[in-house]
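Read the structure below first, then the notes.
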Amino acid sequence: MIADLKMWFRQPKLIIMSVAPLLIISIFAGLFLAKTEILPVAIVLEDQDPAALRLADDLAGLKSGSGVTWFLAQEDDAATARAKFEAGEVLGLVTIPAGLTQALNDGQTVAVPITINNINDDVTKNFLQRMQNALNSFNEGLTAGDATYRIPRVDFVADVSPDLPLIRYLCASILGLAMLMSSSLAVTFAIAREFEDRTIKELVMTPRLAPVLGGKLLSATVQALIVTVFILLEERLVFGFSPDNLAAQLGFFLWGVFFSAGLAAVIASVVKQTLPAGILVMVVNIAGWWVAGGLAPSEAWTGLLRTIADLWPGTYFYQVYINATLLGGVSGGLALRNLLITGAAGAVMLPAAYAVFVREAREV
Amino acid sequence: MKTQVFAEIAKSVRYWTKHKLIALVSVFPPLLICLLFVGVFQTTGIVNIAVVNRDAETPSVWTERFLEVLETRTGTIPYFTPVFTDEQTAQTMFDMHETFAVLYIPEGFGQSVEDGDPLSLTVKFTAAHEDISKNVRLGMEARIYDFVKLYQLDAGARPGVTVEENLANASLPRASYMMAGIMIWTMVFFGLLVGGALGAMEKEGGTQVYIQMASGGETASLLGKWLAAVAISGVMLVFLTLCYVFLFGVSFPGAAGVGWYALMFILLTPTFSLPGVLYGMKVGDFRLVPAPMIIISITLWLVSGALNPLEFSAGSAVFQYLPTAAGIRVLSYALFNRGAQFAGKSLLILCAWFAGVLLLFFGRLAARRRKHAALGTQAAR
């Protein structure tokens, strides 16, 4: 164990390989993927009718559950708005027709024309839903003539309030990745190095290889803990994130090490070279993280990706880890089921890793 | 010189065909990226929602109508797949993450709509992920809008405001839109990776010294590897493009679309393969090539409008001058007719980068000549 730790500290290349991918994913996901789209829109008021002004206010003022404004609304005259739309400066053009109050008092349904630069269907969907949200807000409690009209509304009851911004989810998932990937890489480097440096021949001479592997696992745990704490501090400093259940993090960390070490040991024993094995382990971990809910909960997938996510045991680690880290805990049933699945995967992989390691070591 | 360059190209192609693992390393990341990025965006949009109908015992036409609207697959996604269940099962589904939300329809809901004073619905949902929360909230708002429009506003039962949408362009799924970015990233990645691999092969094989000794050997080697990297990238891009077409549904709008695609390759791949070759020559070890190339190319891709249009992304004022951003804009215009207003400027940006790489090539040659001349003078002294 001590020899492996010394080796790790003396080789900056290995430390960089352990930390750099996590840092890069963290920084880029945080800076570029965590932004909620605020859609730029030009609003043309054909007159200064009070109802039209109220509708324009609804469009400009509505926010998401986490407090992000839906639209970046700019009031313009028709020609300017059209010019902005054609120059690609705004995504949509909303024209609120003249005489809105009178038309509503007359009992009419008034259509508000919008033109959307349909860049892609997802952006258009967001645009339309936000418009519909604003119109619901306008139509609710609308007083026209002597009557007030109501529509069904929804009381949204979330498990946390306000809705958590996406950056928190990404930070939690990347911290989970840090636990699994850093322990996998540490195990990989410790084992593959023995094959690469041919020191495996000396190791094979020992009567029992289990303590050797155990020592490597302990060394990997220490290395992974250092990397995970580093990523935790980075997320704290850059994004202001800290887990809701700081005390439970060590338990999750040990769970992650137990779950991920076996597969990494198999890969390292088979590939036998530090860099290729490290890259392969990295790819497996990052792809597994992605499929398991790295960017969004895997329950949201359908089709092939959902099947892959359901079959990949890592999904069950991330599901509990991310939710517990963000919300402080998960239901006992979910924790137990997922602990059993990942525990079984880890319990199968560790003996398998030992068997593969012994076989490959004796063949050298 | 010409013979030396051709020999270098032939040698590079032989190296590539002999090292199939490198070819595999090159092809695997683009396919993985496609599966992960495009797969994610292709497969979201239909959401299970547990529905606890507390109004079931007093059947009402309004409650039935509301549930029908909830199930419709028209209008904007997410579409809900309601799972009607009792309170306890709904709670279990929620706890076990089998559903993101539980909709509770209150007793007397239908009658209250009939009376013109609707009771509030309740939606319990998980708010741990902003995008999911947004979809739950806005998805419900969209269905309520549909309900009110269909049965009240369109029926003339009350006054109100509706939206009349007019789309400036034809429908384009987000996953399809993202393919333009992935295709550009593939060109960049191949340029860097193949260039890096070819650049590293001389040091790896211990043949670098022979090249340095031959007259004009370094120039021929650099030029030959650069051209070979472009040629090999081209062949691999054809294979990958076929994968994109048959596996991920990419389609080209006629010969012009293919022409634009080829032009992007001609401008982008050489722009990145020369730095790739130079890096490979410097490190002299292929094992040090893939990781930085993947990181650089993915970084460039992400900041260049990979997921969303660049003009609505952070830092677009600066990032629009990146060759990747310009390439994505031109290809989005060529394939999907999106962003015509940016196409001309982006093409100029690409040409400028290409010219910059040519300058880099000639600049390096000049620098090497000066260095050799200085060494010769020193030796003569």
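Could you tell me which numbered condition B:D117 fails, if it satisfies all but one of (1) surrounded by fewer than 20 Cβ atoms within 10 Å (Cβ to Cβ); (2) more than 7 Å from chain A (Cβ to nearest Cβ)?
The single condition B:D117 does not satisfy is (2).
Please enumerate the residues belonging to the stretch A:101-113 that are at the interface with chain B (Cβ under 7 Å from one of its Cβ atoms), outside any loop (DSSP other than H, G, I, E, B) and either out of contact with any Asp or Glu (no Cβ under 8 Å at 6 or more places or on another chain) or buried (at least 20 other Cβ atoms within 10 Å of the Cβ) (or both).
If the condition is that a residue be at the interface with chain B (Cβ under 7 Å from one of its Cβ atoms), outside any loop (DSSP other than H, G, I, E, B) and either out of contact with any Asp or Glu (no Cβ under 8 Å at 6 or more places or on another chain) or buried (at least 20 other Cβ atoms within 10 Å of the Cβ) (or both), then A:L104, A:V110, A:V112 are the ones that fit.
Tally up the residues in the stretch A:268-278 that are more than 9 Å from every other protein chain (Cβ to nearest Cβ) and farther than 18 Å from A:A224 by Cα, please.
Selection size over the stretch A:268-278: 4.
In the stretch B:209-253, how many are assigned to a helix (DSSP H, G or I), farther than 17 Å from B:S176 by Cα and not aliphatic (A, V, I, L, M)?
Selection size over the stretch B:209-253: 12.
Quick one: would you say A:L175 is assigned to a helix (DSSP H, G or I) and either farther than 23 Å from A:A268 by Cα or in contact (Cβ under 8 Å) with a residue 40 or more places away in the chain (or both)?
yes
Within the stretch B:39-48, identify whether any single residue is aromatic (F, W, Y) and under 30 Å from B:M281 (Cα atoms), and answer yes or no.
For the stretch B:39-48, residues aromatic (F, W, Y) and under 30 Å from B:M281 (Cα atoms): absent.
Pairs only if they're at least six apart or on different chains, beta carbon under 8 angstrom, first in the stretch B:364-378 and under 16 Å from B:W226 (Cβ atoms), second of a type in the set (D, E, K, R); list them, first residue then second.
B:R368/B:E218
Considering only residues that are buried (at least 21 other Cβ atoms within 10 Å of the Cβ), of a type outside the set (A, V, I, L, M) and away from chain A (no Cβ under 14 Å), which ones fall in the stretch B:323-352?
Matches in the stretch B:323-352: B:P323, B:G327.
Just the residues that are facing chain B (nearest Cβ under 7 Å) and of a type in the set (V, I, T), please, taken from the stretch A:124-149.
A:T124 - this is the single residue of the stretch A:124-149 that is facing chain B (nearest Cβ under 7 Å) and of a type in the set (V, I, T).
Working only within the stretch A:205-218, note down all residues that are out of contact with any Leu (no Cβ under 8 Å at 6 or more places or on another chain) and either of a type outside the set (A, V, I, L, M, F, W, C) or assigned to a helix (DSSP H, G or I) (or both).
Scanning the stretch A:205-218 gives A:T206, A:P207, A:R208, A:A210, A:P211, A:L213, A:G214, A:G215, A:K216, A:L217, A:L218.
Quick one: is B:L263 more than 14 Å from chain A (Cβ to nearest Cβ) and closer than 12 Å to B:G191 by Cα?
Answer is no for this residue.
Filter the strands (runs of 3 or more DSSP E) completely within the stretch B:48-156 down to those with at least 2 residues that are within 37 Å of the chain's Cα centre (by Cα), modelled with pLDDT of 95 or more and of a type in the set (A, V, I, L, M, F, W, C).
Strands (runs of 3 or more DSSP E) meeting the threshold: B:101-105.
Looking at the stretch A:195-226, which of the residues that are under 16 Å from A:Q273 (Cα atoms) and touching a residue at least 40 places away in the same chain (Cβ under 8 Å) is surrounded by the fewest Cβ atoms within 10 Å (Cβ to Cβ)?
A:R198
Could you pull out every one of the helices (runs of 4 or more DSSP H) wholly within the stretch A:247-344 that has 2 or more residues that are out of contact with any Lys or Arg (no Cβ under 7 Å at 6 or more places or on another chain) and in contact (Cβ under 8 Å) with a residue 40 or more places away in the chain?
By residue number, A:249-271, A:274-293, A:314-327.
Could you identify the single residue in A:W301, A:W289 that is over 18 Å from A:A352 (Cβ atoms), surrounded by 18 or more Cβ atoms within 10 Å (Cβ to Cβ) and more than 7 Å from chain B (Cβ to nearest Cβ)?
A:W289
Check the stretch A:61-84 and report whether any residue there is facing chain B (nearest Cβ under 8 Å) and either buried (at least 23 other Cβ atoms within 10 Å of the Cβ) or charged (D, E, K, R) (or both).
No: zero hits.
Restricted to the stretch A:334-354, and to residues that are farther than 17 Å from A:L254 by Cα and more than 23 Å from the chain's Cα centre (by Cα), which residue is surrounded by the fewest Cβ atoms within 10 Å (Cβ to Cβ)?
So the residue we want is A:P351.
Select from the stretch B:266-290 the residues that are part of a helix (DSSP H, G or I) and of a type in the set (V, I, T) and write down the one among them that is surrounded by the most Cβ atoms within 10 Å (Cβ to Cβ).
Per the stated criteria, the residue is B:V277.
For a quick check of your reading of the model, give me the residue pairs whose first member lies in the stretch B:301-313 and is surrounded by 20 or more Cβ atoms within 10 Å (Cβ to Cβ), whose second is in a helix (DSSP H, G or I) and aromatic (F, W, Y), with beta-carbon atoms closer than 7 Å and at least 6 apart or on different chains.
Pairs that qualify, where the first residue is surrounded by 20 or more Cβ atoms within 10 Å (Cβ to Cβ) and the partner is in a helix (DSSP H, G or I) and aromatic (F, W, Y), are B:W301/B:W185; B:L302/A:F28; B:L302/A:F32; B:V303/A:F32; B:V303/B:F319; B:S304/B:F319; B:L310/B:F319.
Within the stretch A:83-100, track down each residue that is assigned to a helix (DSSP H, G or I) and free of Cβ contacts under 8 Å to residues at least 40 places away in the same chain.
A:A83, A:E86, listed by residue number.
Listed here are the residues, each with its yes/no results for (1) within 14 Å of chain B (Cβ to nearest Cβ); (2) buried (at least 21 other Cβ atoms within 10 Å of the Cβ).
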| residue | (1), (2) |
| --- | --- |
| A:R236 | no, no |
| A:P243 | yes, yes |
| A:G262 | no, yes |
| A:L280 | yes, no |
| A:V284 | yes, no |
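For the stretch B:334-363, which residues satisfy the criterion of being among the aromatic types (F, W, Y) and free of Cβ contacts under 8 Å to residues at least 24 places away in the same chain?
B:F362
Assigned to a helix (DSSP H, G or I) and touching a Cys at 6+ places or on another chain (Cβ under 8 Å): which single residue out of A:E235, A:E202 fits that description?
A:E235
Among (1) at the interface with chain B (Cβ under 7 Å from one of its Cβ atoms); (2) within 22 Å of B:E130 (Cα to Cα); (3) not in a helix (DSSP H, G or I), where does A:P152 come up short?
(2)
Given the options B:F272, B:F246, B:F286, name the one that is away from chain A (no Cβ under 14 Å), hydrophobic (A, V, I, L, M, F, W, C) and touching a helix residue (DSSP H, G or I) at 6+ places or on another chain (Cβ under 6 Å).
Unique residue meeting the criteria: B:F272.
The values are calculated or read from the model by the stated rules, or taken from the named source; none is laboratory data. None of the values given here were measured: they were computed from a predicted structure. Quick reminder, even Gly has a Cβ in these numbers, built from the backbone with ideal geometry, and neighbours come from all protein chains shown.
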